[in-house]
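The values are calculated or read from the model by the stated rules, or taken from the named source; none is laboratory data. The shown structure was predicted, so the numbers you read here are calculated from the model rather than taken from an experiment. Here the Cβ positions follow ideal geometry from the backbone for every residue, glycine too, while neighbour counts run over all protein chains shown.
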Amino acid sequence: MSSPRAQRGVSLIEVLMAVLIFTIGLIGLGGLLITATRANTTAYVRTQVTFLANSMADRMRANPMGLWKNSYDSDNYPISGTAPACDAATGCAPGDVALRDQILWSQQLQATLPALGKTSIKCVKASGFDPTAQYGLRPPYSGTCTMSITWAERGVAIGGGDDNTGSNNLQSFTWVFEP
């Protein structure tokens, strides 16, 4: 028969083991919380990229002559500068509207994405159609545009900093669409 003193030692070991198992569970739960937060942030940024891409596609659809004149094509986004004032009093040519769209979109890209990388838009017209003669009919573009947006995910970068801008850490969204 065991003594009461020996029984108290066994109970203490049981309590310590229970605390150890509970602690390991909490550490695992903390890791799961960190992973879920990172996944949520990544999903948010990807949603923003999709929203921004659709925003620029809508801007391009609203300016068919600027689109036909390749005013939106550029490998150098983000574009900086002062956007032309386009309002009822001063109206704008299609090229000015396109420049305004590019500058405002570039500002949105820089404000929304963690670390903006190479971003471009390139449109290819369908052959055999001249829109200038039929502008009053608001012709469709009849071509395709390729939009590519590259950014770096947030995280702890090796060597300091907050953005993983190494080439292995870049994310890319490429969309081929008909404006």
Legend entry - Residue within the range 154-173 that is among the hydrophobic types (A, V, I, L, M, F, W, C), within 21 Å of Ser55 (Cβ to Cβ), at pLDDT below 90 and not in a helix (DSSP H, G or I) present: no
Legend entry - Scan of the range 76-91 for residues that are in contact (Cβ under 8 Å) with a residue 12 or more places away in the chain, farther than 13 Å from Ser106 by Cβ and out of contact with any Leu (no Cβ under 9 Å at 6 or more places or on another chain), ordered by number: Cys86
Inset, instruction - Please verify whether the range 98-109 includes one or more residues that are out of contact with any helix residue (DSSP H, G or I) (no Cβ under 7 Å at 6 or more places or on another chain) and more than 30 Å from Ser142 (Cβ to Cβ). - result: yes
Legend entry - All positions within the range 93-124 that are closer than 15 Å to Lys69 by Cα and in contact with a Leu (Cβ under 9 Å, 6 or more places away or on another chain): Pro94, Ala98, Cys123
Legend entry - Among (1) within 19 Å of the chain's Cα centre (by Cα); (2) assigned to a loop (DSSP other than H, G, I, E, B) - the single one Val49 does not satisfy: (2)
Inset, instruction - Can you work out which of the residues in the range 71-86 that are modelled with pLDDT of 90 or more and surrounded by 14 or more Cβ atoms within 10 Å (Cβ to Cβ) is farthest from the chain's Cα centre (by Cα)? - result: Ser71
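Suppose the filter is modelled with pLDDT under 95, closer than 30 Å to Val176 by Cα and assigned to a helix (DSSP H, G or I); does Thr42 pass it?
yes
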Inset, instruction - Write out, first by first residue and then by second, each pair whose Cβ atoms fall under 6 Å of each other, whose residues are 6+ apart or on separate chains, and whose first residue, in the range 14-32, is of a type in the set (Val, Ile, Thr) while the second is at pLDDT below 95 and surrounded by 10 or more Cβ atoms within 10 Å (Cβ to Cβ). - result: none
Inset, instruction - For the range 65-107, enumerate the residues that are assigned to a loop (DSSP other than H, G, I, E, B), among the polar types (S, T, N, Q) and under 22 Å from Thr119 (Cβ atoms). - result: Asn70, Ser71, Ser80, Thr82
Inset, instruction - Working carefully through the options Gln134, Gln110, find the one that is in a helix (DSSP H, G or I), surrounded by fewer than 17 Cβ atoms within 10 Å (Cβ to Cβ) and at pLDDT 85 or above. - result: Gln110
Inset, instruction - Sort out which residues of the range 39-69 are farther than 18 Å from Gln108 by Cβ, loosely packed, with under 15 Cβ neighbours inside 10 Å, of a type outside the set (Gly, Ala, Ser) and without any contact (Cβ under 8 Å) to a residue 60 or more places away in the chain, and write them in order of number. - result: Asn40
